[in-house]
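Visitor: Mind having a look at this structure? Questions to follow.
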Amino acid sequence: MSVEITAFMPSDLVRPGQGKRVFAIGDVHGQDDAFEHVLNAMAEAAEESKEETELVLLGDLIDRGPGPVRCLDLAMKPAEELGFDDKTVLMGNHEQMARLAMGLPDHFFWLWMQNGGHTICREAGISKEEVEDLEQQKLLADWFRRTVGWERRLFLRSLKSHRQIGNLLFVHAGIAPGESREEFLAGPWHGNGVRTAHIDQYHWAWIRWPLLEHETGWGGDLIVHGHSIEKHQLQREGLDEDQAHRIRFDRLGLDGGAAIFDAVVGAEFVDGAYRIFRAEAANTNPYAPKAPTKPVKRVETEESRKIAEFLRREKEIGDRVRAGGIELPSAIAELREAYFLTQDQLSLLTKMPADRINDIENGDVDPTLSELNRLLRPFTFIVGAIAKKDS
């Protein structure tokens with residue numbers, strides 16, 4: 001397997017600091033061969049370097065590809081053994097789900113399984129049929145907690161939310177515009193998962209659209225992230241694939257699509273320049289979703305009708321906001337009522353006092369941008385719409 005390495009591309013935004021050379025690798029998703037080849041290619045570059053070198057792994061080492069446990073074991077090696085002076089490993093949303101699965105009730109285990117965790121079971125010799133056998137679920141969850149091993153469990157507990165080197169901020173999914181960066185990145189590793197048993201999409205391991213739709217910079221920093229497959233974003237922006245993994249809007253995306261068996265991608269940074277490393281991933285996962293051979297008939301249920309109505313109401317309110325027909329405080333009140341949330345319930349979700357929410361919705365106070373973002377957080381459509389409008 002070969003590793004494609006671009007020429008160095010100049011950029012005034014790349015400033016890790018004099019005497020520093022930084023290497024970062026995006027989402028790996030169990031593609032152990034591609035991961036190892038990129039690591040080795042970067043180690044060769046580090047060996048030739050006169051600067052102090054650091055490796056940053058951006059998370060999502062596991063799930064979906066053929067060798068997730070081996071990817072963990074590679075990432076656990078000391079920096080010197082991998083060929084670098086220092087190493088930082090960040091937590092991705094898939095490591096978050098795995099850690100929840102190992103320490104909490106069984107439904108977290110199945111949340112993880114549904115998001116690609118079953119490939120670890122395959123690597124351990126458990127068939128797809130056994131994974132799907134409901135009678136075996138509790139036994140399988142117990143088996144996994146015992147056999148994953150205490151060293152890997154400790155490793156998962158050691159993962160960081162972010163790493164700042166010079167003006168480079170490395171984070172798995174991203175940060176939120178309008179929020180205090182320090183507060184956002186200090187959020188608990190589990191988001192609100194432990195409390196509500198639901199994924200927190202507005203979290204440094206999960207956030208997507210507020211980051212991707214923000215186009216006015218990050219105060220002179222460069223955000224280096226994974227989580228969002230780069231070629232999908234290029235399609236949304238109407239750009240050619242040769243623009244993949246290039247700095248745009250003061251951020252650099254390094255998710256090469258390993259989750260869908262495209263590539264493992266990384267980057268090397270020195271003051272004033274960066275270059276990209278890319279290794280093709282192998283589609284060897286029998287659990288990979290296959291295209292249907294015949295049209296699938298959608299079955300409408302009461303649940304799907306409710307979801308459709310929620311999304312319709314979100315879109316309607318969002319359209320009115322963008323057209324200037326409704327102010328944000330009123331939009332928050334309408335969204336809350338559309339989802340049958342009381343002010344007290346929204347207070348629990350956002351960790352804001354209910355009295356403050358009441359004052360904002362009634363127009364008695366002028367909310368800060370941070371407060372608006374927190375109040376809009378539970379409503380997925382409007383968050384992206386407002387983030388783009390404010391930027």
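The values are calculated or read from the model by the stated rules, or taken from the named source; none is laboratory data. These numbers were taken from a predicted model, which means no experiment stands behind them. Here the Cβ is made from the backbone with ideal geometry for all residues, glycine too, and neighbour counts use every protein chain on show. Ligands, DNA and RNA are excluded from the accessible area calculation, which covers all protein heavy atoms including side chains. Shrake-Rupley method; radii C 1.70, N 1.55, O 1.52, S 1.80 Å.
Visitor: Please work out if Gln243 is closer than 25 Å to Pro16 by Cβ, without any contact (Cβ under 8 Å) to a residue 24 or more places away in the chain and over 16 Å from the mean Cα position of the chain (by Cα). Lay out the reasoning, then the answer.
Guide: Numbers: closer than 25 Å to Pro16 by Cβ: yes; without any contact (Cβ under 8 Å) to a residue 24 or more places away in the chain: yes; over 16 Å from the mean Cα position of the chain (by Cα): yes.
In short, yes.
Visitor: Considering only segment 12-66, how many residues are in contact (Cβ under 8 Å) with a residue 12 or more places away in the chain, within 19 Å of Ile165 (Cβ to Cβ) and not aliphatic (A, V, I, L, M)?
Guide: Number satisfying all stated conditions: 16.
Visitor: Does any residue in segment 362-391 that is more than 22 Å from Gly191 (Cα to Cα) and modelled with pLDDT of 50 or more come within less than 8 Å, Cβ to Cβ, of a residue that is part of a helix (DSSP H, G or I) and of a type in the set (A, V, I, L, M) six or more places away or on a different chain, and which pairs are these?
Guide: Going by the 8 Å Cβ cut-off, the qualifying pairs are Pro367/Leu328; Pro367/Ile360; Pro367/Leu375.
Visitor: Sticking with this structure for a sec: Condition test on Leu341, is it open to solvent by 20 Å² or more (accessible area, probe 1.4 Å), touching a Lys or Arg at 6+ places or on another chain (Cβ under 8 Å) and modelled with pLDDT under 85? Walk me through it before giving the result.
Guide: On the way: open to solvent by 20 Å² or more (accessible area, probe 1.4 Å): yes; touching a Lys or Arg at 6+ places or on another chain (Cβ under 8 Å): no; modelled with pLDDT under 85: yes.
The answer is no for Leu341.
Visitor: Continuing with this model, one more query. Can you tell me which residue is most open to solvent (accessible area, probe 1.4 Å) among those in segment 239-264 that are part of a loop (DSSP other than H, G, I, E, B) and farther than 24 Å from Asp221 by Cα? Break it down stepwise before answering.
Guide: So the first thing to find is which residues in segment 239-264 are part of a loop (DSSP other than H, G, I, E, B), and the list is 239-240, 244-247, 249-250, 254-256, 261-262.
Filter once more, so that each one left must be farther than 24 Å from Asp221 by Cα: 240, 261-262.
Numbers: Asp240: 108, Phe261: 36, Asp262: 28 Å².
So the residue we want is Asp240.
Visitor: Let me ask something additional. What are the residue pairs meeting all of these: first residue in segment 173-185, first residue of a type in the set (Asp, Glu), second residue in a helix (DSSP H, G or I), Cβ atoms under 6 Å, and 6 or more apart or on different chains?
Guide: What qualifies is Glu179/Ser370; Glu179/Asn373.
Visitor: While we're here: If you go through segment 337-352 one residue at a time, how many are in a helix (DSSP H, G or I), touching a residue at least 12 places away in the same chain (Cβ under 8 Å) and either more than 16 Å from Asn373 (Cβ to Cβ) or among the basic types (Lys, Arg) (or both)? First the steps, then the outcome.
Guide: From segment 337-352, those in a helix (DSSP H, G or I) are 337-338, 343-350; that's our starting set.
Subsequent filtering for residues that are touching a residue at least 12 places away in the same chain (Cβ under 8 Å) retains 338, 343, 346, 349-350.
Subset that is either more than 16 Å from Asn373 (Cβ to Cβ) or among the basic types (Lys, Arg) (or both): 338, 343.
Looking only at that region, the number is 2.
Visitor: I'd like to know if segment 275-298 contains one or more residues that are in a helix (DSSP H, G or I) and at pLDDT below 80.
Guide: Step one: list which residues in segment 275-298 are in a helix (DSSP H, G or I), which gives none.
So far as segment 275-298 goes, no, none of its residues is in a helix (DSSP H, G or I) and at pLDDT below 80.
Visitor: Is at least one residue of segment 194-211 outside any loop (DSSP other than H, G, I, E, B), in contact with a helix residue (DSSP H, G or I) (Cβ under 7 Å, 6 or more places away or on another chain) and open to solvent by 30 Å² or more (accessible area, probe 1.4 Å)?
Guide: Within segment 194-211, the subset outside any loop (DSSP other than H, G, I, E, B) is 194-196, 209-211.
Now narrow it down to the ones that are in contact with a helix residue (DSSP H, G or I) (Cβ under 7 Å, 6 or more places away or on another chain): 209-210.
Imposing the further condition that a residue be open to solvent by 30 Å² or more (accessible area, probe 1.4 Å) reduces the set to 209.
Yes, segment 194-211 contains a residue that is outside any loop (DSSP other than H, G, I, E, B), in contact with a helix residue (DSSP H, G or I) (Cβ under 7 Å, 6 or more places away or on another chain) and open to solvent by 30 Å² or more (accessible area, probe 1.4 Å).
Visitor: Name the pairs: first residue in segment 81-92 and open to solvent by 30 Å² or more (accessible area, probe 1.4 Å), second residue at pLDDT 95 or above and part of a strand (DSSP E or B), Cβ to Cβ under 7 Å, at least 6 apart or on different chains?
Guide: Asp85/Glu52; Asp85/Thr53; Asp85/Glu54; Asp86/Glu54; Lys87/Glu54; Lys87/Leu55
Yes/no matrix, rows are residues, columns are (1) in a helix (DSSP H, G or I); (2) not aromatic (Phe, Trp, Tyr):
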residue	(1), (2)
Phe23	no, no
Glu54	no, yes
Gly59	no, yes
Arg64	no, yes
Cys71	yes, yes
